Amino acid sequence: MVNRQVLTLDEFTIREMRAFPKATGELAGLLRDIGLAAKRVNVEVNKAGLVDILGDTGNVNIQGEEVKKLDEFANDQFTRVLRHGISCAGIASEELDDVVIFDNEISRNSKYICMFDPLDGSTNIDVNVSIGTIFSVYRRVSETGTSLTIKDFLQPGMRQVAAGYIIYGSSTILVYATKRGVNGFTLDQSIGEFCLSHPNIRCPETGRMYSVNHGNFFQYSEEVKAYIDICQKKNKSNGGPYTQRYIGSMVSDVHRNLIRGGIFMYPGTAQKPKGKLRLLYECNPLAYIIEIAGGKATDGTQRILEKQPTELHERTPLFIGSAAMMAELEVCLGVSI
Ligand code: P6P
(Lines give C-alpha, C1' and ligand atoms only; values in the text may rest on other atoms or scores of the structure.)
Protein backbone atom coordinates (compact mmCIF):
# COMPACT_ATOMS: atom_id res chain seq x y z
CA MET A 1 0.00 0.00 0.00
CA VAL A 2 1.42 3.39 -0.95
CA ASN A 3 2.16 5.38 2.18
CA ARG A 4 0.60 8.72 1.21
CA GLN A 5 2.78 11.29 2.97
CA VAL A 6 0.74 13.89 4.84
CA LEU A 7 1.64 17.41 3.73
CA THR A 8 3.31 19.61 6.32
CA LEU A 9 2.34 23.28 6.62
CA ASP A 10 5.56 24.26 4.83
CA GLU A 11 4.91 21.82 1.94
CA PHE A 12 1.28 22.95 1.69
CA THR A 13 2.10 26.67 1.58
CA ILE A 14 4.73 26.03 -1.10
CA ARG A 15 2.24 23.98 -3.15
CA GLU A 16 -0.34 26.76 -2.78
CA MET A 17 2.25 29.30 -3.87
CA ARG A 18 2.97 27.30 -7.04
CA ALA A 19 -0.73 27.67 -7.95
CA PHE A 20 -0.01 31.38 -8.53
CA PRO A 21 2.77 31.73 -11.16
CA LYS A 22 3.35 35.36 -10.14
CA ALA A 23 3.58 34.54 -6.43
CA THR A 24 6.78 35.79 -4.82
CA GLY A 25 6.56 33.34 -1.94
CA GLU A 26 6.28 36.16 0.61
CA LEU A 27 2.84 35.12 1.85
CA ALA A 28 3.88 31.47 2.04
CA GLY A 29 6.95 32.56 3.99
CA LEU A 30 4.88 34.67 6.38
CA LEU A 31 2.56 31.74 7.09
CA ARG A 32 5.54 29.49 7.77
CA ASP A 33 6.96 32.14 10.13
CA ILE A 34 3.65 32.11 12.04
CA GLY A 35 3.82 28.32 12.23
CA LEU A 36 7.31 28.55 13.75
CA ALA A 37 6.21 31.06 16.40
CA ALA A 38 3.17 28.89 17.17
CA LYS A 39 5.41 25.88 17.82
CA ARG A 40 7.51 27.92 20.25
CA VAL A 41 4.41 29.23 22.05
CA ASN A 42 3.00 25.71 22.17
CA VAL A 43 6.06 24.48 24.08
CA GLU A 44 5.58 27.14 26.76
CA VAL A 45 1.81 26.66 26.96
CA ASN A 46 2.31 22.92 27.44
CA LYS A 47 4.60 23.48 30.43
CA ALA A 48 2.70 26.44 31.84
CA GLY A 49 1.74 24.39 34.85
CA LEU A 50 5.35 23.48 35.59
CA VAL A 51 7.37 26.58 35.01
CA ASP A 52 6.89 29.94 36.66
CA ILE A 53 5.39 31.58 33.60
CA LEU A 54 1.96 31.73 35.10
CA GLY A 55 0.71 34.57 37.15
CA ASP A 56 0.87 38.22 36.38
CA THR A 57 3.77 40.29 35.15
CA GLY A 58 2.51 43.21 37.15
CA ASN A 59 1.96 44.97 33.82
CA VAL A 60 -1.38 46.05 32.40
CA ASN A 61 -2.03 46.14 28.63
CA ILE A 62 -3.98 48.75 26.68
CA GLN A 63 -7.14 46.77 27.40
CA GLY A 64 -6.62 47.46 31.10
CA GLU A 65 -6.12 43.72 31.63
CA GLU A 66 -3.37 42.17 33.72
CA VAL A 67 -0.73 40.81 31.34
CA LYS A 68 0.23 37.26 32.19
CA LYS A 69 3.75 36.15 31.40
CA LEU A 70 2.55 33.78 28.66
CA ASP A 71 0.82 36.70 26.94
CA GLU A 72 4.07 38.60 26.77
CA PHE A 73 6.03 35.53 25.68
CA ALA A 74 3.56 34.82 22.86
CA ASN A 75 3.56 38.44 21.76
CA ASP A 76 7.37 38.43 21.65
CA GLN A 77 7.51 35.20 19.63
CA PHE A 78 5.13 36.33 16.89
CA THR A 79 6.68 39.81 16.73
CA ARG A 80 10.20 38.36 16.53
CA VAL A 81 9.64 35.82 13.73
CA LEU A 82 7.77 38.39 11.65
CA ARG A 83 10.45 41.03 12.22
CA HIS A 84 13.21 38.60 11.18
CA GLY A 85 11.27 37.23 8.20
CA ILE A 86 11.21 38.75 4.71
CA SER A 87 7.48 39.16 4.31
CA CYS A 88 6.17 41.53 6.97
CA ALA A 89 6.69 45.28 7.15
CA GLY A 90 5.07 45.73 10.54
CA ILE A 91 2.58 44.40 13.09
CA ALA A 92 -0.18 45.37 15.48
CA SER A 93 -0.98 43.33 18.57
CA GLU A 94 -3.59 43.26 21.30
CA GLU A 95 -0.69 43.48 23.74
CA LEU A 96 0.83 46.64 22.27
CA ASP A 97 -0.59 50.16 22.46
CA ASP A 98 0.70 51.13 19.01
CA VAL A 99 1.76 49.44 15.78
CA VAL A 100 5.36 48.25 15.41
CA ILE A 101 6.99 49.25 12.13
CA PHE A 102 9.98 47.03 11.28
CA ASP A 103 12.66 49.51 10.40
CA ASN A 104 15.18 47.49 8.41
CA GLU A 105 15.95 47.40 4.68
CA ILE A 106 14.21 44.09 3.99
CA SER A 107 11.07 44.82 6.04
CA ARG A 108 10.71 48.28 4.49
CA ASN A 109 10.28 46.53 1.14
CA SER A 110 7.99 43.78 2.43
CA LYS A 111 4.45 43.93 1.13
CA TYR A 112 2.41 42.52 4.03
CA ILE A 113 1.39 43.65 7.49
CA CYS A 114 0.14 41.33 10.21
CA MET A 115 -2.14 41.89 13.19
CA PHE A 116 -2.67 39.39 15.95
CA ASP A 117 -4.04 38.59 19.35
CA PRO A 118 -1.07 36.56 20.58
CA LEU A 119 -2.93 34.67 23.28
CA ASP A 120 -6.70 35.02 23.29
CA GLY A 121 -8.52 33.64 26.29
CA SER A 122 -5.45 34.03 28.47
CA THR A 123 -7.58 34.27 31.60
CA ASN A 124 -8.02 30.52 31.05
CA ILE A 125 -4.29 29.78 31.32
CA ASP A 126 -4.35 29.17 35.06
CA VAL A 127 -7.22 26.69 34.81
CA ASN A 128 -5.84 24.74 31.84
CA VAL A 129 -8.63 25.62 29.42
CA SER A 130 -7.62 25.85 25.73
CA ILE A 131 -6.32 29.23 24.55
CA GLY A 132 -5.39 30.55 21.15
CA THR A 133 -3.62 32.93 18.80
CA ILE A 134 -5.59 34.79 16.12
CA PHE A 135 -3.86 36.46 13.15
CA SER A 136 -4.76 38.58 10.16
CA VAL A 137 -2.67 39.43 7.08
CA TYR A 138 -3.13 42.37 4.70
CA ARG A 139 -1.21 43.73 1.74
CA ARG A 140 0.12 47.16 2.74
CA VAL A 141 -1.53 50.16 1.06
CA SER A 142 1.57 52.37 1.35
CA GLU A 143 4.29 52.01 -1.29
CA THR A 144 6.98 49.43 -0.50
CA GLY A 145 10.18 51.15 0.51
CA THR A 146 8.26 53.88 2.33
CA SER A 147 7.38 53.86 6.04
CA LEU A 148 4.08 52.24 7.03
CA THR A 149 1.28 54.47 8.27
CA ILE A 150 -1.79 53.70 10.38
CA LYS A 151 -3.77 53.43 7.12
CA ASP A 152 -1.92 50.18 6.38
CA PHE A 153 -3.58 48.75 9.49
CA LEU A 154 -7.04 50.37 9.43
CA GLN A 155 -8.27 48.39 6.40
CA PRO A 156 -11.69 46.71 6.20
CA GLY A 157 -11.58 42.97 6.80
CA MET A 158 -12.60 42.15 3.23
CA ARG A 159 -9.08 43.20 2.17
CA GLN A 160 -7.39 40.45 4.16
CA VAL A 161 -5.20 38.14 2.05
CA ALA A 162 -4.99 35.49 4.78
CA ALA A 163 -6.27 34.92 8.31
CA GLY A 164 -6.04 32.14 10.84
CA TYR A 165 -5.77 30.91 14.39
CA ILE A 166 -3.88 28.40 16.50
CA ILE A 167 -5.59 26.53 19.34
CA TYR A 168 -3.32 25.25 22.10
CA GLY A 169 -5.66 22.59 23.42
CA SER A 170 -6.07 18.80 23.57
CA SER A 171 -3.98 18.97 20.43
CA THR A 172 -2.44 22.03 18.80
CA ILE A 173 -4.11 22.96 15.54
CA LEU A 174 -3.38 25.79 13.12
CA VAL A 175 -6.22 26.80 10.81
CA TYR A 176 -5.76 29.39 8.09
CA ALA A 177 -7.76 30.73 5.19
CA THR A 178 -6.90 32.38 1.90
CA LYS A 179 -9.35 33.02 -0.93
CA ARG A 180 -8.57 29.44 -2.06
CA GLY A 181 -10.05 27.87 1.06
CA VAL A 182 -9.71 27.01 4.75
CA ASN A 183 -7.29 24.31 5.87
CA GLY A 184 -6.33 22.90 9.28
CA PHE A 185 -2.96 21.53 10.38
CA THR A 186 -2.42 19.51 13.55
CA LEU A 187 0.98 19.63 15.27
CA ASP A 188 2.71 16.25 15.10
CA GLN A 189 4.99 16.49 18.14
CA SER A 190 7.05 13.50 16.94
CA ILE A 191 8.39 15.48 13.98
CA GLY A 192 7.67 19.01 15.22
CA GLU A 193 5.62 19.88 12.15
CA PHE A 194 2.06 21.07 11.55
CA CYS A 195 0.53 18.40 9.29
CA LEU A 196 -2.55 18.80 7.07
CA SER A 197 -5.37 17.19 9.08
CA HIS A 198 -8.45 19.19 8.01
CA PRO A 199 -8.28 19.89 4.25
CA ASN A 200 -10.82 22.28 2.73
CA ILE A 201 -12.89 22.96 5.86
CA ARG A 202 -16.53 23.87 5.15
CA CYS A 203 -18.83 25.35 7.79
CA PRO A 204 -22.04 23.22 7.95
CA GLU A 205 -25.09 25.13 6.68
CA THR A 206 -26.72 24.69 10.08
CA GLY A 207 -25.99 23.24 13.50
CA ARG A 208 -27.36 22.66 16.98
CA MET A 209 -24.78 24.46 19.09
CA TYR A 210 -25.13 28.04 20.29
CA SER A 211 -22.45 29.89 22.25
CA VAL A 212 -23.22 32.97 24.36
CA ASN A 213 -22.48 34.16 27.88
CA HIS A 214 -25.84 33.62 29.59
CA GLY A 215 -24.52 35.60 32.54
CA ASN A 216 -25.14 38.75 30.50
CA PHE A 217 -28.59 37.64 29.29
CA PHE A 218 -30.59 40.43 30.95
CA GLN A 219 -28.21 43.06 29.52
CA TYR A 220 -28.84 41.98 25.92
CA SER A 221 -31.35 43.68 23.61
CA GLU A 222 -34.90 42.28 23.41
CA GLU A 223 -34.08 41.04 19.89
CA VAL A 224 -31.01 39.08 21.02
CA LYS A 225 -32.94 37.68 23.98
CA ALA A 226 -35.69 36.59 21.58
CA TYR A 227 -33.18 34.61 19.51
CA ILE A 228 -31.63 33.00 22.60
CA ASP A 229 -35.18 32.08 23.68
CA ILE A 230 -35.74 30.40 20.30
CA CYS A 231 -32.49 28.45 20.74
CA GLN A 232 -33.61 27.24 24.17
CA LYS A 233 -36.99 26.09 22.85
CA LYS A 234 -35.67 24.15 19.85
CA ASN A 235 -36.80 20.53 19.75
CA LYS A 236 -36.81 17.60 17.32
CA SER A 237 -39.62 19.13 15.30
CA ASN A 238 -37.70 22.31 14.39
CA GLY A 239 -34.05 21.38 14.02
CA GLY A 240 -33.26 21.00 17.68
CA PRO A 241 -32.74 20.36 20.45
CA TYR A 242 -29.87 22.84 20.66
CA THR A 243 -26.99 22.61 23.09
CA GLN A 244 -25.39 25.65 24.71
CA ARG A 245 -21.58 25.49 24.77
CA TYR A 246 -19.49 28.46 25.95
CA ILE A 247 -15.80 27.83 26.65
CA GLY A 248 -14.81 31.42 27.34
CA SER A 249 -12.06 31.05 24.75
CA MET A 250 -13.42 32.37 21.47
CA VAL A 251 -11.05 30.51 19.16
CA SER A 252 -12.24 27.20 20.64
CA ASP A 253 -15.93 28.10 20.46
CA VAL A 254 -15.64 29.35 16.88
CA HIS A 255 -13.49 26.38 15.80
CA ARG A 256 -16.02 23.88 17.15
CA ASN A 257 -18.85 25.70 15.36
CA LEU A 258 -16.79 25.90 12.16
CA ILE A 259 -16.32 22.13 12.15
CA ARG A 260 -19.69 20.95 13.48
CA GLY A 261 -21.99 23.89 12.74
CA GLY A 262 -23.22 26.40 15.28
CA ILE A 263 -23.37 30.08 16.21
CA PHE A 264 -21.23 32.19 18.53
CA MET A 265 -22.51 35.50 19.85
CA TYR A 266 -20.86 38.30 21.78
CA PRO A 267 -23.55 41.00 21.60
CA GLY A 268 -23.28 44.57 22.75
CA THR A 269 -25.17 45.65 25.87
CA ALA A 270 -26.60 48.97 27.07
CA GLN A 271 -23.44 49.54 29.13
CA LYS A 272 -21.08 48.27 26.41
CA PRO A 273 -22.86 48.76 23.06
CA LYS A 274 -19.75 47.62 21.14
CA GLY A 275 -19.32 44.51 23.24
CA LYS A 276 -15.91 43.23 24.23
CA LEU A 277 -14.23 41.68 21.19
CA ARG A 278 -11.69 43.49 19.04
CA LEU A 279 -12.45 44.13 15.37
CA LEU A 280 -8.98 44.11 13.81
CA TYR A 281 -7.25 41.09 15.32
CA GLU A 282 -10.12 38.97 16.63
CA CYS A 283 -13.36 39.48 14.69
CA ASN A 284 -12.02 40.29 11.20
CA PRO A 285 -9.79 37.19 10.93
CA LEU A 286 -12.48 34.86 12.28
CA ALA A 287 -15.08 36.47 9.99
CA TYR A 288 -12.79 36.00 6.98
CA ILE A 289 -12.30 32.32 7.82
CA ILE A 290 -16.00 31.62 8.41
CA GLU A 291 -17.06 33.36 5.18
CA ILE A 292 -14.49 31.49 3.07
CA ALA A 293 -15.85 28.29 4.69
CA GLY A 294 -19.46 29.21 3.80
CA GLY A 295 -20.66 30.76 7.05
CA LYS A 296 -21.53 34.35 8.01
CA ALA A 297 -20.28 36.99 10.46
CA THR A 298 -21.98 40.28 11.32
CA ASP A 299 -22.12 42.90 14.05
CA GLY A 300 -25.91 42.67 14.01
CA THR A 301 -26.29 45.37 11.36
CA GLN A 302 -23.59 44.70 8.73
CA ARG A 303 -20.97 42.16 7.66
CA ILE A 304 -17.94 42.29 9.93
CA LEU A 305 -15.69 42.36 6.84
CA GLU A 306 -17.35 45.53 5.54
CA LYS A 307 -16.68 47.60 8.67
CA GLN A 308 -14.25 50.47 8.15
CA PRO A 309 -11.97 50.53 11.22
CA THR A 310 -11.21 53.90 12.80
CA GLU A 311 -9.09 52.81 15.78
CA LEU A 312 -6.51 50.06 16.24
CA HIS A 313 -8.20 48.49 19.28
CA GLU A 314 -11.83 49.21 18.53
CA ARG A 315 -14.45 46.75 19.65
CA THR A 316 -17.47 45.33 17.85
CA PRO A 317 -20.43 43.10 18.67
CA LEU A 318 -20.00 39.72 16.95
CA PHE A 319 -22.44 37.13 15.62
CA ILE A 320 -20.66 34.37 13.67
CA GLY A 321 -21.48 30.88 12.45
CA SER A 322 -23.56 28.64 10.20
CA ALA A 323 -25.46 30.51 7.49
CA ALA A 324 -28.92 29.09 8.33
CA MET A 325 -28.53 29.88 12.04
CA MET A 326 -27.33 33.38 11.23
CA ALA A 327 -30.38 33.82 8.98
CA GLU A 328 -32.70 32.85 11.85
CA LEU A 329 -30.90 35.33 14.10
CA GLU A 330 -31.34 38.08 11.50
CA VAL A 331 -35.11 37.50 11.50
CA CYS A 332 -35.10 38.19 15.26
CA LEU A 333 -32.89 41.25 14.80
CA GLY A 334 -35.17 42.53 12.02
CA VAL A 335 -32.28 42.80 9.55
CA SER A 336 -31.22 41.10 6.33
CA ILE A 337 -27.45 41.22 5.89
P1 P6P B 1 -16.77 36.78 28.78
C2 P6P B 1 -11.38 35.85 26.22
O3 P6P B 1 -11.04 36.85 27.19
C4 P6P B 1 -12.34 36.51 25.23
O5 P6P B 1 -11.73 37.58 24.60
C6 P6P B 1 -12.82 35.48 24.22
O7 P6P B 1 -11.86 34.54 23.89
C8 P6P B 1 -14.01 34.87 24.91
O9 P6P B 1 -14.96 34.31 24.02
C10 P6P B 1 -14.60 36.07 25.65
O11 P6P B 1 -13.50 36.95 25.92
C12 P6P B 1 -15.23 35.67 26.96
O13 P6P B 1 -15.74 36.86 27.55
O14 P6P B 1 -17.16 38.22 29.04
O15 P6P B 1 -17.94 35.96 28.31
O16 P6P B 1 -16.01 36.13 29.89
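The values are calculated or read from the model by the stated rules, or taken from the named source; none is laboratory data. In this text, all values refer to a predicted model and were calculated from it rather than measured experimentally. Every residue, glycine as well, gets a Cβ built from its backbone with ideal geometry; the counts of neighbours run over all protein chains shown. Side chains included, ligands, DNA and RNA excluded: accessible areas come from the protein's heavy atoms. Shrake-Rupley method; radii C 1.70, N 1.55, O 1.52, S 1.80 Å.
When segment 225-255 is filtered for residues that are out of contact with any strand residue (DSSP E or B) (no Cβ under 7 Å at 6 or more places or on another chain), within 16 Å of the ligand (Cβ to nearest atom) and in contact (Cβ under 8 Å) with a residue 40 or more places away in the chain, the ones remaining, listed by number, are Ile247, Gly248.
Exactly one residue out of Arg245, Arg208 is touching an Asp or Glu at 6+ places or on another chain (Cβ under 9 Å), farther than 30 Å from Leu36 by Cβ and either crowded, with 17+ Cβ neighbours inside 10 Å or of a type outside the set (Gly, Ala, Ser) (or both): that is Arg245. Does Asn213 count as surrounded by 14 or more Cβ atoms within 10 Å (Cβ to Cβ) and assigned by the TED database to the domain that holds Ile230? Yes. Total residues in segment 83-129 satisfying the condition of being part of a helix (DSSP H, G or I), away from the ligand (no atom under 16 Å from the Cβ) and not acidic (Asp, Glu): the figure is 5.
Small (Gly, Ala, Ser) and either open to solvent by 20 Å² or more (accessible area, probe 1.4 Å) or assigned to a loop (DSSP other than H, G, I, E, B) (or both), is that true of Gly132? So Gly132 fails the test.
Residues Gly35, Gly85: which one is within 23 Å of Leu148 (Cα to Cα), assigned by the TED database to the domain that holds Ile166 and modelled with pLDDT of 85 or more? Residue meeting the stated conditions: Gly85.
Ile167 fulfils the conditions (1) surrounded by fewer than 17 Cβ atoms within 10 Å (Cβ to Cβ); (2) outside any helix (DSSP H, G or I); (3) in contact (Cβ under 8 Å) with a residue 60 or more places away in the chain except for a single criterion, (1). When the residues of segment 201-224 are filtered to those that are within 16 Å of the ligand (Cβ to nearest atom) and free of Cβ contacts under 8 Å to residues at least 24 places away in the same chain, the one that is nearest to Met250 (Cα to Cα) is Gly215.
Restricting Arg315, Arg260 to those that are at pLDDT 95 or above, open to solvent by 20 Å² or more (accessible area, probe 1.4 Å) and under 16 Å from the mean Cα position of the chain (by Cα) reduces the list to Arg315. Taking the criterion of being more than 14 Å from the ligand (Cβ to nearest atom), under 12 Å from the mean Cα position of the chain (by Cα) and open to solvent by less than 60 Å² (accessible area, probe 1.4 Å), would at least one residue in segment 268-284 satisfy it? Yes. Are any of the residues in segment 185-200 open to solvent by 10 Å² or more (accessible area, probe 1.4 Å), at pLDDT below 95 and among the polar types (S, T, N, Q)? Taking every residue of segment 185-200 in turn, at least one turns out to be open to solvent by 10 Å² or more (accessible area, probe 1.4 Å), at pLDDT below 95 and among the polar types (S, T, N, Q).
Look at Val137 and say whether it is open to solvent by 10 Å² or more (accessible area, probe 1.4 Å), under 28 Å from His255 (Cβ atoms) and either outside the structural domain of Val254 (by the TED database) or within 15 Å of the ligand (Cβ to nearest atom) (or both). It is false that Val137 is open to solvent by 10 Å² or more (accessible area, probe 1.4 Å), under 28 Å from His255 (Cβ atoms) and either outside the structural domain of Val254 (by the TED database) or within 15 Å of the ligand (Cβ to nearest atom) (or both).
Within segment 285-294, count every residue that is within 15 Å of the chain's Cα centre (by Cα) and open to solvent by 10 Å² or more (accessible area, probe 1.4 Å). Give the steps one after another, and end with the answer.
Restricting attention to segment 285-294, the residues satisfying the condition of being within 15 Å of the chain's Cα centre (by Cα) are 285-293.
When the remaining residues are screened for being open to solvent by 10 Å² or more (accessible area, probe 1.4 Å), the result is 288, 291-292.
The total comes to 3.
Listed conditions (1) at pLDDT 80 or above; (2) open to solvent by less than 60 Å² (accessible area, probe 1.4 Å) are all met by Ala48, apart from (1).
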